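The values are calculated or read from the model by the stated rules, or taken from the named source; none is laboratory data. Remember, predicted model here, so these are calculated numbers, not experimental data. Note that each Cβ is placed from the backbone with ideal geometry, even for glycine, and that neighbours are counted across all protein chains shown.
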Amino acid sequence: LVERHGKYLGATAGLTAKVEGHADERGSREYNLALGQKRADVVKQALMLLGAKESQIESVSLGEEKPRCEDRTENCYAENRRGDMLYTGEF
């Protein structure tokens, strides 16, 4: 999936995207913001290796602020540890 996004961005010069890094609720707010930023930055680097330009991608952290799942289970925690990608017009 990341490969397709990277190639698509590389082939579409005027398009921009935002990668949002997320974390589960465990850990302090500061820790989760830092972890979310690391996740977003890793996805950004992968996209750039696949053809996207740095100027096309913004990486931000939302930490634990927008969980997909509210349960306190390992499956739910895993679902909340993610990187979401939004294209121009979606953010």
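Scanning segment 52-75 for residues that are of a type in the set (A, V, I, L, M, F, W, C) and without any contact (Cβ under 8 Å) to a residue 24 or more places away in the chain turns up just one, 69. Of the strands (runs of 3 or more DSSP E) contained entirely in the chain, those carrying at least 1 residues that are surrounded by 13 or more Cβ atoms within 10 Å (Cβ to Cβ) and in contact with a Leu (Cβ under 6 Å, 6 or more places away or on another chain) fall at 17-22, 57-63. How about segment 37-51: which of its residues are in contact (Cβ under 8 Å) with a residue 40 or more places away in the chain and not aliphatic (A, V, I, L, M)? Residues satisfying the conditions are 39, 51. Residues of segment 34-41 include at least one that is within 20 Å of residue 90 (Cβ to Cβ), among the aliphatic types (A, V, I, L, M) and within 13 Å of the chain's Cα centre (by Cα). Inspect all residues belonging to segment 54-67 and state whether any of them is modelled with pLDDT under 95 and either touching a helix residue (DSSP H, G or I) at 6+ places or on another chain (Cβ under 9 Å) or within 18 Å of residue 91 (Cα to Cα) (or both). Within segment 54-67, not a single residue is modelled with pLDDT under 95 and either touching a helix residue (DSSP H, G or I) at 6+ places or on another chain (Cβ under 9 Å) or within 18 Å of residue 91 (Cα to Cα) (or both). For segment 2-10, does any single residue satisfy the condition of being under 11 Å from the mean Cα position of the chain (by Cα) and of a type outside the set (Val, Ile, Thr)? Looking through segment 2-10, none of the residues is under 11 Å from the mean Cα position of the chain (by Cα) and of a type outside the set (Val, Ile, Thr).
So for segment 81-91 (the condition being touching a Ser or Thr at 6+ places or on another chain (Cβ under 7 Å) and at pLDDT below 95), does at least one residue qualify? Yes, segment 81-91 contains at least one residue that is touching a Ser or Thr at 6+ places or on another chain (Cβ under 7 Å) and at pLDDT below 95.
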